[in-house]
Amino acid sequence: MEEYTTIAGYASDSFIERRSRFIGAIRPVQTEEEAIAFINAKKAEYWDATHNVYAYILRDGQIRRYSDDGEPQGTAGIPVLEVLQKEGLWDVVVVVTRYFGGVLLGAGGLVRAYSHGCKIAVDAAEKQTVCECAELSMAFGYDFYGKISYILPKYEAQTTFSDFGALVRMRVLLKDCYLTAFEKELTELSAGKIVPELVERRFAAFPQG
C-alpha cells in the first residue's frame, strides 16, 4: 500500500437518540495492542455505560476486529467497522459507548445509531494521507533561496531542516508522485547547479484538504 488515509489524533463527539446517549471516540493506532489498550481505557472511563462497542482496522496484517458488546449480533460492531471501511481509514480504533435511555431502538435503529456514533467521531477527527516519501538535501546560494521557496508549496513539500550559513542548506520531504517533476524544475531554475541528494525514504503524513 503506497498511500492510505488515517487520522491525526484523538477525537470524539456524542448525540442523543430516543433518550439513549451515544459517545463516539476515535484515535490512531499502529498495533493491535494499542487498539486494545484504548478500548480498555474507554471501558474503564465509561464503566457504568450499558455498552462499549468497538471496531478497529490495522494496515499491518490487514486486521479488522469488532465487538457488539452485548447488543444484538450484527447491530453494532459491524456497522461501526463498515463506516471505517467506507471512509477508507486505516490504523484507527473506534469505541461507541451507549447509555441506555429506556426506549428500545430495534435492530434497524441500533444499526443507524452505532453507524452515526462512529461517523461523528470520524468527522470530528483530522484526516491525513500517509504516503511514501523521499527526503532530499540541498545546498545553494542565497540567490536561489527565493525561487526555491516559491516552488515548494506547488509540490506540497515539507521543509524538515534549514540552515543559513555561507550557503543555504535545506532538507525537504516530498511525496513520490512529485519527485520527478520537482527535480526537473529544480534543474531548470538553477541551470543544473543544484543537485538534490536523497537522505532517506519513509512514510510521512500530510493533512487532507
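Any read-out appearing in this document is the output of simple, stated calculations on the displayed coordinates, not a laboratory observation. Quick caveat, the model's predicted, so the values are computed rather than measured. So basically every Cβ, Gly included, is an ideal-geometry build from the backbone, and we count neighbours across all protein chains shown.
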- Query: Taking the Cα centre of region 73-209 as origin and charging only Cβ (+1 Lys, Arg; -1 Asp, Glu), how large is the dipole, in debye to the nearest 20?
  - Reply: 380 debye
- Convex hull volume per residue in cubic angstrom - Cα atoms of region 3-125: 88 Å³
- Query: So what are the three principal axis dimensions of region 95-209 from its Cα atoms, in whole Å, longest to shortest?
  - Reply: 73, 26, 23
- Task: Report the charge-dipole magnitude of region 3-125 in Debye, nearest 20, computed about the Cα centre from +1 at each Lys and Arg Cβ and -1 at each Asp and Glu Cβ.
- Result: 420 debye
- Item | DSSP-assigned coil residues among chymotrypsin sites (Phe, Trp or Tyr not before Pro) in region 81-114, each with at most 14 further Cβ atoms within 10 Å | 100
- Task: Would you be so kind as to identify which of 129, 186, 88 lies farthest towards the positive end of the dipole of region 52-209, taking Lys and Arg as +1 and Asp and Glu as -1 on Cβ and the Cα centre as origin?
- Result: 88
- Task: At most 14 other Cβ atoms within 10 Å and a DSSP loop assignment: could you name the trypsin sites (Lys or Arg not before Pro) in region 172-204 that fit?
- Result: 193
- Task: Distance between Cα centroids, region 25-97 to region 153-183: provide it in whole Å.
- Result: 38 Å
- To the nearest 20 debye, what is the magnitude of the charge dipole of region 132-207 about its Cα centre, counting +1 on the Cβ of each Lys and Arg and -1 on the Cβ of each Asp and Glu? 80 debye
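Please identify every one of the GluC sites (Glu not before Pro) in region 55-131 that sits in a loop by DSSP and has no more than 13 other beta carbons within 10 Å of its own beta carbon.
On the way: sites: 82, 87, 126; in loops: 87, 126.
Here the sparse-neighbourhood loop sites are 126.
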- Task: Take the alpha-carbon positions of the chain, form their convex hull, and give its projected area averaged over all directions (one quarter of the hull surface) in nm².
- Result: 13.8 nm²
- Semi-axes (Å, rounded, descending) of the ellipsoid equivalent to region 68-151 per its C-alpha gyration tensor are 48, 12, 9
- Mind pulling the angle between the C-alpha long axis of helix 32-45 and the longest principal axis of the chain? Nearest 10 degrees, somewhere in 0 to 90. 50 degrees
- Message: Using a Cα-Cα cut-off of under 26 Å, which lysines could be cross-linked to residue 119, ignoring same-chain neighbours fewer than 8 residues away?
- Response: 42, 43, 86, 127
- Cβ-based net charge around residue 7, under 14 Å, with every Lys or Arg adding one and every Asp or Glu removing one: -2
- Task: Can you tell me the relative contact order of region 1-124? Whole percent, Cα pairs under 8 Å, sequence separation 6 or more.
- Result: 37 percent
